[in-house]
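Working notes for the structure below.
The values are calculated or read from the model by the stated rules, or taken from the named source; none is laboratory data. Being a predicted model, the structure only gives us computed values, none of them experimental. Glycine also receives a Cβ, built like all others from the backbone with ideal geometry; neighbour counts cover every protein chain displayed.
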């Protein structure tokens, strides 16, 4: 269970987030600059709230008056909007980058099969397509077996065919892993197709939409 109750002052408004999330998929919608990515960054530990609390399964990520939990201890998978693949590393090296040595990688082998990238492992990012980069980045974000998955505009660079394929893969992974997932999107159709819950954020204020 993810518990979020925090405030963060941004340039033009205060971001105020209060919600709980179980093993569901939550879509974040809203205009650019409304605070959606800041929410993801606060959960990941890239930035910190000014006050409040963030906890996952009883572990405090952030709590007023305490030192924030380090990024590497949060077990958060994060798929960045630009995928953030290392150009000088192969696909396989990118995927294994954040996995501790000695880790059983059987689940990673299974992920590469599910996401259809087994044949890409020896290639470099410049040698693969945008849809393939998205699947590699998703595999990397899941490689360390996170307790929550965050995705920032995961389908924005994909054509319709690749978007549909990647969405089906994401639903399949969620069904198997049963972890909370939060994704940012500008496409209401994506939110309605994938999410159990849809939250709109505008100028730091959140309202939840009814799905269906």
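For the range 59-69, filtered to residues that are surrounded by 16 or more Cβ atoms within 10 Å (Cβ to Cβ) and touching a residue at least 12 places away in the same chain (Cβ under 8 Å), the residue that is nearest to the chain's Cα centre (by Cα) is 61.
Remark: residue 69 matches the filter, which requires a residue to be modelled with pLDDT of 95 or more, part of a loop (DSSP other than H, G, I, E, B) and closer than 26 Å to residue 178 by Cβ. Within the range 144-186, the set of residues being part of a helix (DSSP H, G or I) and at pLDDT 90 or above comprises 171, 174, 175. Residues in the range 70-89 that are surrounded by fewer than 18 Cβ atoms within 10 Å (Cβ to Cβ) and free of Cβ contacts under 8 Å to residues at least 60 places away in the same chain: 70, 71, 72, 73, 82, 84, 86, 87, 88, 89. Within the range 167-210, being within 13 Å of residue 135 (Cα to Cα) and either within 14 Å of the chain's Cα centre (by Cα) or surrounded by fewer than 15 Cβ atoms within 10 Å (Cβ to Cβ) (or both) holds for 167, 168, 170, 173. Taking the range 5-28 as the range and being closer than 14 Å to residue 150 by Cα and either in a strand (DSSP E or B) or without any contact (Cβ under 8 Å) to a residue 12 or more places away in the chain (or both) as the test, the residues that pass are 21, 25, 26, 27, 28.
Each residue in the range 29-52 was checked for being on the phi < 0 side of the Ramachandran plot and either crowded, with 18+ Cβ neighbours inside 10 Å or not in a loop (DSSP other than H, G, I, E, B) (or both), and 13 of them qualify. Note on the range 79-129: residues that are in a helix (DSSP H, G or I) and at pLDDT 85 or above total 20. Can you confirm whether the range 56-64 contains a residue that is assigned to a strand (DSSP E or B) and closer than 30 Å to residue 128 by Cα? No, because not a single residue in the range 56-64 is assigned to a strand (DSSP E or B) and closer than 30 Å to residue 128 by Cα.
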